[in-house]
Amino acid sequence: MDTSSAPRRTLLVGFGKLGARLAPRLLADGGEVFALRRSDGELPAGVVGIRGDLAQSLATPLPAVDATVFTLPPGAEEGAYRTALGHLREALPAMPPRTVFVSSTGVFEGTVFEGPDADRPLTEQDEPAAESPRSRGLRDGERAAAELFGAVVVRPAGIYGPGREFLLRKVREGAAVDHDRLTNRIHETDLVRTLDLLLRADDPPRLVHAVDERPAPLGDVVRFIAGELGVAAPPHEASDGPRGFVYDGSLLHSLLGELEYPTYEAGYAEMIAGSASHP
């Protein structure tokens, strides 16, 4: 896929861990970066903060930009994404040539596939049924991003990395988990690489599943983590919640090439080694 330099001016809508890691990459390539968020606070050098809450119309127009990256979490209402995206479109003086909308594989929550290939890995061609409030909100957000901005949609699964240590804490605590639940994940580093590439690409795909190369039952993952930590594996507790899906990451891997963290073993081993050296 052909790529060029970073957008000249990028608006990051929401500024959490992803924005904090993406912004320096864009700045290093000579771009300007704006961060739209609801609160004030320290920002990386070079990032211009804009305070605003997209739950309502913004009081002042936003600057003209070449690209936007939308990373806000779903709101409490199912139409929260559509409302926020509508207010964003109203506040921008012109349509940005590129918008990347960060969704989630949670859009498949509640979807049921039947037939002989029901357990096959899901690709970008599979349509989520959006049967839960969260999945309906995500799916509506994806559609609104496409309708209002012609957005490229990224669906990450199980983002982890430094500062995203929920599963490590669960294992350390010995909290029971459903060992049979199918899980997928993506290291934050590779997700940031994905967002950066999609901002620069001349003709990006409209939808990408951001997953690494090693989907696995949760039991496999927690047993590996427990072994690295030198603790007992958490006990199994069956759940009547969703069994989970396996996602095909072929498209992402063809775009990025080799992942920096192709498997959960690589990512979690480094996190655990890092935490051991910085108690």
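For segment 58-73, a residue qualifies if it is of a type outside the set (A, V, I, L, M, F, W, C) and within 10 Å of residue 99 (Cβ to Cβ), and exactly one does: 68.
Pairs are defined by a Cβ separation below 6 Å, a sequence spacing of at least 6 or placement on different chains, a first member in segment 126-151 that is closer than 16 Å to residue 207 by Cα and surrounded by fewer than 19 Cβ atoms within 10 Å (Cβ to Cβ), and a second member that is of a type in the set (D, E, K, R) and at pLDDT 95 or above; the pairs so defined are 148/89.
State yes or no: is residue 84 hydrophobic (A, V, I, L, M, F, W, C) and touching a Leu at 6+ places or on another chain (Cβ under 6 Å)? Before you say what the answer is, go through the steps one by one.
Numbers: hydrophobic (A, V, I, L, M, F, W, C): yes; touching a Leu at 6+ places or on another chain (Cβ under 6 Å): yes.
Here the answer is yes, as residue 84 does meet what is asked.
Within segment 93-121, the residues that satisfy the criterion of being within 23 Å of residue 203 (Cα to Cα), of a type in the set (A, V, I, L, M, F, W, C) and crowded, with 19+ Cβ neighbours inside 10 Å are 100, 101, 102. Considering 6, 35, 23, 45, the condition of being modelled with pLDDT under 95 and surrounded by 18 or more Cβ atoms within 10 Å (Cβ to Cβ) is satisfied by 6 alone.
Scanning segment 100-112 for residues that are under 18 Å from residue 249 (Cβ atoms) and not hydroxyl-bearing (Ser, Thr, Tyr) yields a count of 5.
Is it the case that residue 164 is among the basic types (Lys, Arg), farther than 28 Å from residue 87 by Cβ and in contact with a Lys or Arg (Cβ under 9 Å, 6 or more places away or on another chain)? Yes, satisfied.
Per-residue answers, yes or no, for (1) in contact with a helix residue (DSSP H, G or I) (Cβ under 6 Å, 6 or more places away or on another chain); (2) part of a helix (DSSP H, G or I):
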{"position": "129", "(1), (2)": "no, no"}
{"position": "136", "(1), (2)": "no, yes"}
{"position": "139", "(1), (2)": "yes, yes"}
{"position": "144", "(1), (2)": "yes, yes"}
{"position": "147", "(1), (2)": "no, yes"}
{"position": "171", "(1), (2)": "yes, yes"}
{"position": "191", "(1), (2)": "no, yes"}
{"position": "195", "(1), (2)": "yes, yes"}
{"position": "198", "(1), (2)": "no, yes"}
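Residue 213 passes every criterion in (1) within 17 Å of residue 121 (Cβ to Cβ); (2) part of a helix (DSSP H, G or I) apart from (2).
The values are calculated or read from the model by the stated rules, or taken from the named source; none is laboratory data. Computed from a prediction, not measured in an experiment: that's the story for all the values here. Backbone-built Cβ (ideal geometry, glycine too); neighbour counts: all protein chains shown.
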